Each structure stands twice: as C-alpha cells, then as structure tokens.
1. In sequence order, what are the phi-derived ³J(HN,Hα) couplings for the stretch 11-27 according to the Karplus relation 6.51 cos²θ - 1.76 cosθ + 1.60 with θ = phi - 60°, rounded to whole Hz, with x for glycine and proline?
2. What FRET efficiency comes out for the pair Leu260/Asp38, r = Cβ-Cβ distance, R0 = 25 Å, nearest 0.05?
3. Which value, in debye to the nearest 20, gives the size of the charge dipole of the stretch 119-220 about its Cα centre, when Lys and Arg are +1 and Asp and Glu are -1 at the Cβ?
4. Could you check how much of the accessible area of the chain is carbon and sulfur, as a whole percent, using a 1.4 Å probe?
5. Keeping all protein chains in position, work out how much accessible area Glu222 exposes to a 1.4 Å probe, and write it in Å² to the nearest 10.
6. Compute the long axis of helix 95-109 from its Cα atoms, compare it with the longest principal axis of the Cα atoms of the chain, and write down the angle in degrees, 0 to 90, nearest 10.
7. Taking H placed 1.01 Å from N in the peptide plane, check which residues at least 5 places from Ser17 or on another chain put their amide H under 5 Å from its amide H.
8. For the residue pair Ala269 and Glu81, what label-to-label distance in nm results when each label sits 7 Å from Cα along the Cα-to-beta-carbon direction?
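The values are calculated or read from the model by the stated rules, or taken from the named source; none is laboratory data. No experiment lies behind these values; they were computed from the predicted model shown. Ideal geometry is used to build each Cβ from the backbone, glycine not excepted, and the neighbour counts take in all protein chains shown. Please note that ligands, DNA and RNA were not included when accessible areas were found on the heavy atoms of the full protein model with its side chains. Shrake-Rupley method; radii C 1.70, N 1.55, O 1.52, S 1.80 Å.
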Amino acid sequence: MLYRRFGRTELKMPVFSCGGMRYQYKWQDVPQWQIPRDNQENLEATIRRAVELGINHIETARGYGSSEMQLGKILPTFEREQLIVQTKVSPKANVKEFQRDFEKSLKNLRLDYVDLLAIHGINNAELLNDSIRPGGCLEFVRKLQAQGKVKFIGFSTHGATDIIIQTINTNQFDYVNLHWYYINQTNWAAIEAATRLDLGVFIISPSNKGGMLYEPPQKLVELCKPLSPMVFNDLFCLSDSQVHTLSLGAAKPQDFDEHLKTLDLLDNASEILPPILARLEEQAIAVLGEDWVKTWHINLPTYEKTPGYVNIPVILWLRNLALAYDMLDYAKMRYNLLGNGDHWFPGTQADKIRQLDLQECLSRSPHAEKIPRFLVEAHQMLAGEARQRLSQS
C-alpha cells in the first residue's frame, strides 16, 4: 500500500480507504440479532482483507444503517492504533439531536474514540450555518475533541463548489470529503482551496458516483484500454498529489483487487494517462462537437436561479455522458434522483421544460438557443422510475 500525509492531521493515510456503505445488511438501524450470519461474516472478511492490504482507514457514517453496528463486531479485535476510523454525523439545527447521533455512533462502533469525525453533508448555506454558528454542531464537536472522543474534524459534502470553498475557508476543519473524478472535475477549485489551508482531501465514491465503473459500458472499456475504466479513474485521481485517498466502497473482499493494479502505475501516470485522456476527449468531440464540449458549461444558471428549479448543469452533463460514452445507466440513475434526493441531489428534472421561459436565465450562455431542445431530449432519454438515495431506499 502507498500512503500520503493527510493534510494538517499528519495522519499516514492509505491512498485507498475502505468505505462502509456497500457491505452492510440494511440502510436502516436493525437489531443485532436480525443481521444474517453470512452478511456479517462477509463484512468482517472484507475488513480483515482491507487491513491485510494496508488499507487501515475504515470509513462509515451514522446514516449508513447497520454499518456502524456491524463494524462494532470486528473493529475492536484489532489493535486500536493500527486503525484510522472515520464516521460521519449529519448537521442538525438542534445540537442535542447531533449529540444523540454521535453517541449512538460511538456506542455502535464499540470504540472509545474516532480518529476522524465529519459533519456529514454540508450541502448548502443553511447546513453550513447549522454547523459553524455559535452553539452549533462544530462547537459541540470541539468539546468531543477536548474529551478525547474525536481526534480530527472534517466535513463531507455533495454541495456546489462555492459552498465547499466557503466551508473550507472558515479554516475550522482538518479535512474534506468531496466528489472529484474524471467525469466530474468541477470541484477542482475546492481541492486547491483545501491544499492552501493544508486540509486532508478524501474523494467520495470514485467508482460508483464516478460512473458506476464496476459495470462500465463497452465503449468506455475500449476508450480506457489498456486500463480498466476503474483503474484509469483511480490513476487519474491519484496522479495529483493534492488528492490523498479514494474511498473504495467494497461489498466483498475481492472488490479491492482491481483497484490494487493502480499502485504499480502511479510512478508512470504521466506517460500512461495522456493517450487515454486524448481518446476520451476525441470521442466526446466526435459525438457532441468541439464547441459544445469545450464551452457547454459556460454561464449556466444554478438551479436556484432557474424557473421550476430545473438543474440545467447536471442534466446537460448527464446527457453528455450518455451520448459520448454510452453511460446511459449511470445517467438514468443520477437523473432520476433529481427531485427525490433532498439537498443531496437538488433541483428538478426537465419534464416541464416546454412550459418554462428560460430566455433570461440562459441569456449569458453561448448555447442559449440549443439548450431547451437538449433538455427535452435528455428527459426523453433519461426519465424513468423515481430514484431515492440509498439511505432512503
């Protein structure tokens, strides 16, 4: 395993982390006796395999249902100093609710402390305020830190880049969990902000949110050769030293195997990546046109400033992926979360686009005339059964 300094925490962080949202039994809390034996055995085998490989950062959350409780059966069997354990607790306007959630997390994990505690889902200004206001969640976490129950404090986010940067610039956090990978590089400015303030940088779900790369479309497989799409994406992310660790949402012990191929390639990333990156861009240009590929995102309105709260940037991005790389299943999955995922997936679909006047909100876009038609096309291509976040399903 390779390790990187995790920002100001000074932790020796493995470049791969063992995320805890894929191997648990349920997305809801259930009694211990309801956990099937084979599920628990698989989870424990996955953790043992991770630690055996040097992946000693085990990451979970209060919102991951039975994950914490099931980890509580295996984590105490290791020497405590051998592990870096992270859990995450969602911010609350009522800090007592946040306190109850944290206490439940620690009890479930059967640990005296966690190395990393993230305020989970600072996705908008309201949740940021709940976190950092006087008497808010962060103030309570500082007390936990003084009591030795938390070593380092971070935050996770699905929010817009400006909210992430605003949160980083409070300089109140030691690390950030955020999305950034080949198909979605919009948060690079946030990674740069984190680097300036020496925060650890943890990339959320690069193989799932980064394109459902466990089941890639054949076109993407061909474009990424000689690497698999998963290894290409890992190498893309880790080729920049400002990225410290990628969360691997392992569902079974064997799920680490493909990722491990990345480690021997890192020293040669500057030779391996350019031909693949060039092919991917050429394919997008061939399908979508060079002008669109290079300028589609310019001056698009946020969903808050769009009639009907239509999330135009996300919808056009998903259309691009579906058309250029045949990533239709991924695009459908993400599109059908719009309007159903609360602040985690904000904005709405394009189902009523013909009834909305987009002229003003698109007035600064170089593609204002095309976009309404593209939004209609995207809805026809991607609409399906409404999806919910995994934790709601």
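1. In residue order, the calculated couplings are 5, 8, 9, x, 5, 10, 10, 9, x, x, 10, 10, 9, 6, 7, 9, 7 Hz.
2. It comes to 0.50.
3. Computed about the Cα centre, the dipole is about 240 debye.
4. The nonpolar share, carbon plus sulfur, comes to 49 percent.
5. Counting only protein heavy atoms, the figure is 90 Å².
6. With both axes taken from Cα atoms, the answer is about 70 degrees.
7. Here Leu246, Ser247, Leu248 satisfy the definition.
8. About 3.1 nm separates the two model spin labels.
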